[in-house]
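Student: Sharing a structure here in structure tokens format.
The values are calculated or read from the model by the stated rules, or taken from the named source; none is laboratory data. A quick note: this is a predicted structure, and the numbers were derived from the prediction, not measured. Cβ placement follows ideal geometry from the backbone for every residue including glycine, while neighbour counts extend to all protein chains displayed.
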Amino acid sequence: MRRIYGVVILIVTICLIYVLDTKIGDIPALGRFLDPVNGCWASAETVNRDFTAEIRFPELKTDASVWFDERIVPHVRAENDHDLFYIEGYLHAFFRLWQMDMETRAAAGRVSEIIGNKTLNYDRGQRRKGMVYGAENSLKAIENDPRTKMMMDAYTEGINHYINSLKYRDYPLEYKLMGFAPEKWTNLKASLLLKYMADDLTGYTEDIPLTYLRDVLPKEQFLLLFPEKITGSSTVIPAGTLFDSATLAIPKVPEGAIFPKFEANDKKISKNYLPVFPEKQDGIGSNNWALGAAKTQNGAAILCNDPHLMLNLPSLWFEIQLQTPDRNVYGASLPGAPGVIIGFNDSISWGLTNNYRDVKDFYSIKQVETDKNKYLFAGKQVPYEKRIEKIGLKGMPDFLDTVNYTIHGPVMYDDHFTAPGNYNKPLAMCWMAHNATNELLAVYLLNKAKNYSEYVDAILNFQCPAQNMVYADRLGNVAIWGQGQFVNKWKEQGKYIMNGADSTTLWKELIPMRENPHVLNPERGFVSSANQCVTDSTYPYWYNGYFIELRAWRINALLNRDKKFTIDDMFKLQNDTHSLLAESTIGIFTNVIEHLKIKLTSEEENYLKLLKDWDKELGAESKAASIYQIWWYHFYNDKWNTTLKRVPENLFPLPERTMQLLVNEYYTNDMEKETLETIKHIDDNVILKSFKETIDSIKILEKTIGIQWYMVKNTTVKHLSRLDAFSYQHLKIGGWSNTVNAAKGDHGPSWRMVVEMGKDINAYGVYPGGQSGNPGSKYYDDFLQYWVEGKYYKLQFLPNNKEQNNNSFKSCWTLHP
Amino acid sequence: MRFILSIILIAFIASFVEYFLPWWSIAIVAFIVSFAMAQKPAVSFLAGFLGIALFWLCAVLFIDWSNNHILSGKLAFVFKLPNYGMFIFITILVGGIIGGFAAWAAALLRSPEKV
């Protein structure tokens, strides 16, 4: 009898072990996870961990060293490029492996392998937009160049050395939580990561909604609301800069049916016409500027950059210094790709903002009715090239998706995968990111460029995503290039969906990259960019894009002052929260409410008074800032919802365009407040309605989280797994997308850098996160508070030496072959 | 005294074995020790429970203390527990139960005459 009990208990024990060794839903295998030796506890890093180690890497050619400063920024010294990038790969994996894995999975449309059915549509979208296709193409270009092949191979070897050394115990915490394991790294993954960035920065397109709008609105109104170049743009290349004349002939607009018309039966939604378009991510923007020697107090050029990207933990960026006898570079690297992306070396410094010229176009494809495998092009029936995408689904059989490739590119949308707005005819996508481009070569050369001409030679290899690349050197020179690979387009080519059956709509010649807009040492003494329009109308080639202006106006107004600037001024400017939008519109709002002479409650009067006394700063604790932003939000949506009732949601005129229209309507004499007209205007009612809505919103907020601006806007730095426990919310930081310090909800300044390129190089930087990707490490989030408060770390740029004074470092790796 | 000895043996051997084998090796250790020590089932259960719990508690307390509760605090949040102490408690409980059950089974399976 007792034995039987024994057997029963034994079976119960085994069952218990089995259950605790199995992941159930979102709950990890608890036994394995809680094990203090091998489980989650292994990720609890000792707070005073000494990283010092002596490591043997058989693949290294000679000895090398890595010094870690007190923020555990690694300073790598190797004797050759191979060893350098090998060690960079190892370091990236050592601190950020899970993040690199997730980001490349996200790029490749392989998230469902670990998540399951939930993310299938996301993965399909990635495959159908040709992410893997583009990454494979670029990898060929990367591996065709001996320099980047060496760089990539060494980097991958370094990552794999780390992965191969791991036991379950050493896996990053997230693998244990989510129940999967690291896989071998490949060169393709790094290529995918670069395409992931290209997608983030050039994946946005207005072609589809603009096509609807063009067909729905009267032409005059359409041009008024959606001008190609906004009036008064303070362009990236200062107005008046002389451009070389174009070496290519500007193509004429072809005759014939180059744009298909949308017909009622193309849209399944003619009755309830409110399709949802992806919201314009106007938080993805950035600032950079460089002041020439004559504009600074120390007489040395200063370069500043703050790219506004997704605010995630682990951060997108990883700080590093890379040294060999012929290069010495410091800056922000992307875990998953070799080199330094934004930074400086001992001769030059550079920074990036997104250029936003349109390099992604859509073509309407005419299917051959009798043969599903063919489409019409130039009067002929052309077979599709088929690419079968196998998408792994956790716990289910693979999902197979056939993607048809046309002469234009992959058919992203068809009746199996409908376009936004439910447009259900096939749409092919032609995108610069599909091309075999080698941005890594630009990074390789840029990292060791010694002067302006080497800088230019380097960046001419940077094709997609196009970037405004700012430059400063130790001789006091500054420059900026609107750099990328662009197509010599006829007017309006690619602005709307084009007719894919007509050969005249094809992308033809590429513009020689030396003819990209650029300027060296402009008369005004500085260069700057903040995602605004690139050039004035004197630039010979035609282009369109998604340019925004508010930050650029503010930055240029401040830098244009007759003043010699200091590094402190730069810190202040990067953290500037002054709202031009508010400055131009708040007077109109409050005046209209007063002139309408409606009865206000004492509460409403108080709110109005707050706004009138307000300094137009979107400060973290400002209450007026919240009232204004909510009011603007309601006004903007009410206004365009009324005017554009029948057009797709979320493609409204830009806020700055709305502001201009409002100012033109209310002021007879531009922006001078004295001449505000008190007669009735069509927007009076919208202003009143939005005021009432604002008061209602504010009342609700007062009862819950309060109306301090940082609480209302909720700047969040989210862990990539979306787990709240590893994320930070309601960070006490000011600003919004209309201010230089563009700290929005989940986007914002992802790396603030200020470099003075003088006799000494004085560099400062900070990013919202920490060097370690491990949530159990004190280095996981240790920069975050500094970033919130607008403070900077002094970056330790070591001289190019084999030996360093080891006493000034926290720990050191000694590496041997 | 055999009770105390069991606890110490289980804790000590498990701490060594778990470094090389998966987490469920704690069950094997508790089973074997309990089988060899031949105790009453209830006593065995307690020894198994306390042995593994003791080992896990010591390990976790040391790790957590040198980590300033950074990890345990976050994981408590993940599992919706009020504080890091609860997370430690749950950890210990899971280890203890597995140790206890394995030891209990061993005591029952061992021939009853010898007790």
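Student: Quickly run through region A:735-782 and pick out the residues that are hydroxyl-bearing (Ser, Thr, Tyr), in a loop (DSSP other than H, G, I, E, B) and under 27 Å from residue A:471 (Cβ atoms). Walk me through it before giving the result.
Tutor: Quick first cut of region A:735-782, residues hydroxyl-bearing (Ser, Thr, Tyr) only: A:737, A:739, A:750, A:764, A:767, A:772, A:777, A:779-780.
Pick out the ones that are also in a loop (DSSP other than H, G, I, E, B) and you get A:737, A:739, A:750, A:767, A:772, A:777, A:779-780.
A:737, A:739, A:750, A:767 - these are the residues of region A:735-782 that are hydroxyl-bearing (Ser, Thr, Tyr), in a loop (DSSP other than H, G, I, E, B) and under 27 Å from residue A:471 (Cβ atoms).
Student: Determine if region B:59-78 includes at least one residue that is in contact with a Leu (Cβ under 9 Å, 6 or more places away or on another chain), touching a residue at least 12 places away in the same chain (Cβ under 8 Å), in a helix (DSSP H, G or I) and more than 8 Å from chain A (Cβ to nearest Cβ).
Tutor: No, region B:59-78 contains no residue that is in contact with a Leu (Cβ under 9 Å, 6 or more places away or on another chain), touching a residue at least 12 places away in the same chain (Cβ under 8 Å), in a helix (DSSP H, G or I) and more than 8 Å from chain A (Cβ to nearest Cβ).
Student: If you check residue B:104 against the conditions, is it at the interface with chain A (Cβ under 8 Å from one of its Cβ atoms), within 17 Å of the chain's Cα centre (by Cα), of a type outside the set (Ser, Thr, Tyr) and not in a helix (DSSP H, G or I)? Break it down stepwise before answering.
Tutor: Details: at the interface with chain A (Cβ under 8 Å from one of its Cβ atoms): yes; within 17 Å of the chain's Cα centre (by Cα): yes; of a type outside the set (Ser, Thr, Tyr): yes; not in a helix (DSSP H, G or I): no.
Taking the combined requirement at face value, the residue does not satisfy it.
Student: Give just the number: which of (1) within 17 Å of residue A:202 (Cα to Cα); (2) touching a His at 6+ places or on another chain (Cβ under 9 Å); (3) of a type in the set (Lys, Arg) does residue A:554 not satisfy?
Tutor: Failed condition: (1).
Student: Would you tally the residues in region A:497-516 being under 28 Å from the mean Cα position of the chain (by Cα), surrounded by 23 or more Cβ atoms within 10 Å (Cβ to Cβ), assigned to a loop (DSSP other than H, G, I, E, B) and of a type outside the set (Val, Ile, Thr)?
Tutor: 1
Student: Here is a further query. At least 3 residues that are in contact (Cβ under 8 Å) with a residue 60 or more places away in the chain, touching a strand residue (DSSP E or B) at 6+ places or on another chain (Cβ under 7 Å) and under 22 Å from residue A:465 (Cβ atoms) in each: list the strands (runs of 3 or more DSSP E) lying fully within region A:371-442 that qualify.
Tutor: On the way: elements: A:374-377, A:380-383, A:385-393, A:396-405, A:411-413, A:427-431.
Fully inside region A:371-442 and qualifying: A:427-431.
Student: With the structure loaded, tell me whether residue A:250 is in contact (Cβ under 8 Å) with a residue 12 or more places away in the chain, among the β-branched types (Val, Ile, Thr) and surrounded by fewer than 16 Cβ atoms within 10 Å (Cβ to Cβ) or whether it fails that test. Give the derivation first.
Tutor: Details: in contact (Cβ under 8 Å) with a residue 12 or more places away in the chain: yes; among the β-branched types (Val, Ile, Thr): yes; surrounded by fewer than 16 Cβ atoms within 10 Å (Cβ to Cβ): yes.
Yes; evaluated as a whole, the condition is true for this residue.
Student: Just to check your reading of the model, which residue among B:34, B:15 is crowded, with 19+ Cβ neighbours inside 10 Å, more than 9 Å from every other protein chain (Cβ to nearest Cβ) and modelled with pLDDT under 95? Steps first, answer last, please.
Tutor: Working: B:15 fails: more than 9 Å from every other protein chain (Cβ to nearest Cβ).
None of the other options fit; the residue is B:34.
Student: So which residues in region A:714-732 are touching a residue at least 24 places away in the same chain (Cβ under 8 Å), closer than 16 Å to residue B:80 by Cβ and out of contact with any helix residue (DSSP H, G or I) (no Cβ under 7 Å at 6 or more places or on another chain), if there are any at all?
Tutor: Passing the criteria: only A:727.
Student: If you take the residues of region A:757-769 that are crowded, with 24+ Cβ neighbours inside 10 Å and touching a residue at least 60 places away in the same chain (Cβ under 8 Å), which of them is nearest to the other protein chains (Cβ to nearest Cβ)? Quick ask: steps written out before the conclusion?
Tutor: Residues of region A:757-769 that are crowded, with 24+ Cβ neighbours inside 10 Å, as a first pass: A:757, A:765-769.
If we keep only those that are touching a residue at least 60 places away in the same chain (Cβ under 8 Å) as well, we get A:757, A:765, A:767-769.
Numbers: A:757: 38, A:765: 24, A:767: 20, A:768: 17, A:769: 15 Å.
Checking each candidate, the answer is A:769.
Student: If you go through region A:109-126, how many residues are buried (at least 23 other Cβ atoms within 10 Å of the Cβ) and in a helix (DSSP H, G or I)?
Tutor: 3
Student: I would also like to ask the following. In region A:287-338, what count of residues is obtained for those that are within 28 Å of residue A:775 (Cβ to Cβ) and either more than 25 Å from the chain's Cα centre (by Cα) or of a type in the set (Phe, Trp, Tyr) (or both)?
Tutor: 3
Student: To continue, here is another question. Could you say whether any residue in region A:730-749 is aromatic (Phe, Trp, Tyr), buried (at least 23 other Cβ atoms within 10 Å of the Cβ) and modelled with pLDDT of 95 or more?
Tutor: Checked against the condition, which is being aromatic (Phe, Trp, Tyr), buried (at least 23 other Cβ atoms within 10 Å of the Cβ) and modelled with pLDDT of 95 or more, region A:730-749 yields no hits at all.
Student: Where residues in region A:1-52 are part of a loop (DSSP other than H, G, I, E, B), in contact (Cβ under 8 Å) with a residue 12 or more places away in the chain and within 8 Å of another protein chain (Cβ to nearest Cβ), which of them is surrounded by the fewest Cβ atoms within 10 Å (Cβ to Cβ)?
Tutor: A:47
Student: Out of A:580, A:520, A:596, A:600, which single residue is free of Cβ contacts under 8 Å to residues at least 12 places away in the same chain, surrounded by fewer than 22 Cβ atoms within 10 Å (Cβ to Cβ) and touching a helix residue (DSSP H, G or I) at 6+ places or on another chain (Cβ under 8 Å)?
Tutor: Of A:580, A:520, A:596, A:600, the one residue that is free of Cβ contacts under 8 Å to residues at least 12 places away in the same chain, surrounded by fewer than 22 Cβ atoms within 10 Å (Cβ to Cβ) and touching a helix residue (DSSP H, G or I) at 6+ places or on another chain (Cβ under 8 Å) is A:600.
Student: Of (1) more than 20 Å from residue A:47 (Cα to Cα); (2) within 7 Å of chain A (Cβ to nearest Cβ); (3) of a type in the set (Ser, Thr, Tyr), residue B:25 satisfies all except one. Which?
Tutor: (2)
Student: I'm checking my understanding of the structure. Among residues of region A:691-732 that are touching a Phe, Trp or Tyr at 6+ places or on another chain (Cβ under 6 Å) and under 21 Å from residue A:309 (Cα atoms), which one is nearest to the other protein chains (Cβ to nearest Cβ)?
Tutor: A:719
Student: Across region A:625-643, which residue is surrounded by the most Cβ atoms within 10 Å (Cβ to Cβ) among those that are farther than 17 Å from residue A:656 by Cα and of a type in the set (A, V, I, L, M)?
Tutor: It comes out as A:625.
Student: Please tell me if residue B:107 is within 20 Å of residue A:16 (Cα to Cα), out of contact with any Lys or Arg (no Cβ under 8 Å at 6 or more places or on another chain) and in contact (Cβ under 8 Å) with a residue 40 or more places away in the chain. Steps first, please.
Tutor: Values: within 20 Å of residue A:16 (Cα to Cα): yes; out of contact with any Lys or Arg (no Cβ under 8 Å at 6 or more places or on another chain): no; in contact (Cβ under 8 Å) with a residue 40 or more places away in the chain: yes.
No.
Student: Under 8 Å between Cβ atoms, which residue pairs at least 6 apart in sequence (or on different chains) link something in region A:778-793 that is within 23 Å of residue A:755 (Cβ to Cβ) with a partner that is of a type in the set (D, E, K, R)?
Tutor: A:782/A:71; A:783/A:71; A:787/A:752; A:788/A:732; A:792/A:752; A:793/A:71
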